[in-house]
1. For residue 153 and residue 240 in one chain, what is 0.36 nm times their gap in residues minus the Cα-Cα distance, to one decimal in nm?
2. I'd like the orientation of helix 139-151 relative to the chain: the angle between its Cα long axis and the longest Cα principal axis, in ° from 0 to 90, rounded to 10.
3. Go ahead and run the numbers for FRET between residue 318 and residue 98, Cβ-Cβ distance against an R0 of 56 Å, rounding to 0.05.
4. Suppose a student asked you for the relative contact order of the range 26-323, using Cα pairs under 8 Å spaced at least 6 residues apart; what percent would you report?
5. Please say if the range 14-141 is rounded, prolate or oblate, where rounded means a/c under 1.5 for a ≥ b ≥ c the square roots of the C-alpha gyration tensor eigenvalues, and otherwise the choice is prolate for a/b larger than b/c and oblate otherwise?
6. Given a Förster distance of 25 Å, report the FRET efficiency between residue 186 and residue 302 from their Cβ-Cβ distance, rounded to the nearest 0.05.
7. Which order do peptides 25-31, 167-173 fall in by mean Cβ count within 10 Å, highest first?
8. Quick one: helix 239-250 against the long Cα principal axis of the chain, what's the angle to the nearest 10°, folded into 0 to 90?
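What follows is calculated from the coordinates using simple rules that are stated; it is not laboratory data. Note that the coordinates shown come from a computational prediction; the quantities given were computed from them, not determined experimentally. Here the Cβ is made from the backbone with ideal geometry for all residues, glycine too, and neighbour counts use every protein chain on show.
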C-alpha cells in the first residue's frame, strides 16, 4: 500500500511539474464573446477589465444600475454593460435578447454574482435564506439553462462557476451561504457530466476568504441582524454570547489574513482563456487547510472547527440547563 501511495504521489508531482514547464496555450480571443455576472465589484469587475484588455467581447452584467456608467467607462467599445437581476425571469430573457442580438455563440458564461450573510441558523429568517439561495443558486441555474443553447453551438465553450471553499466544507455561522455553494457545486458537477459529449467545459472556482466587499462590514451586518431578532431568541442566546461571538468573528485568522483577490481573478482568466481549463481551481493557501479538514474524519473536523470558530462564552440557555 505504501508503495502505491508513493508511486501516486510521484506521478502527481511529475504531472504538476510538466504542467508548470509546458503550459497549454491560450485561445485566440478574436471574435470570442464572454458573459460575466456580478461585475459591479470584486472578481467579476476585475475579470471583465482583464478580458476586455485581451480582446474578448465582454458582456458585463451589473446588479446596481448606478454602476453601469462607471463600468462602461473602464471597458472598450467592444463591451456591453447591462443590469439584469438574475433572480427575475424577465430580466434574464431581456439579457438573452441583448446577447443574441450581437452573437449566436458564447465562448464562456461566468456565473459570478453572489451575496452572503453571517449569523447562526437560529438567527436567520427563512426569507433571508431564500434570498441567498435565489441569488447564489437559482439565479445561476436559470442563467445556465437560458444561455446553454448559445454555448453548445461550438465545442470548447465553457461555463465557469464561482463556488467557494464553503461549497465543500460547511462552516458554522454561514448556513445559507454554505448551502447555496454546496448546491451550486452539485449542479456544476451534473452539468459537466451531462455536457461531456458536447465538449462543454464546466470549471468550478473555489476561493477561500479573499479581501473583497463580501467580507467587509461583517461585524456591522451581525449587529444589524441581532437588533432585529425576536426577544425570545435574544434571551435564548444572551448578550454576553453575542458580544463574544462578534469578537470571535473579528479575530478569525482566516478573515484577518484574507488573501489577495487577484489569485481568484488569475484562476478565472485561465479558465476562460486556456485551451485546457481545469475542472476545479482552489486559489489561495487557506484552501490547503480547508480541503484537508474536509478529508479527515468528521468528528475530528467538528472538534477543530468548533474550537476555532465558536465563542468561549456559553449561550444563556445552556447556562440555564446546567444550573437546572
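1. Net length gain for the segment: 25.5 nm.
2. 10
3. 0.55
4. 18
5. Cα axes put the range 14-141 in the oblate bin.
6. My answer for the efficiency is 0.65.
7. 167-173, 25-31
8. Taking the Cα atoms of the chain, the angle to 239-250 is about 40 degrees.
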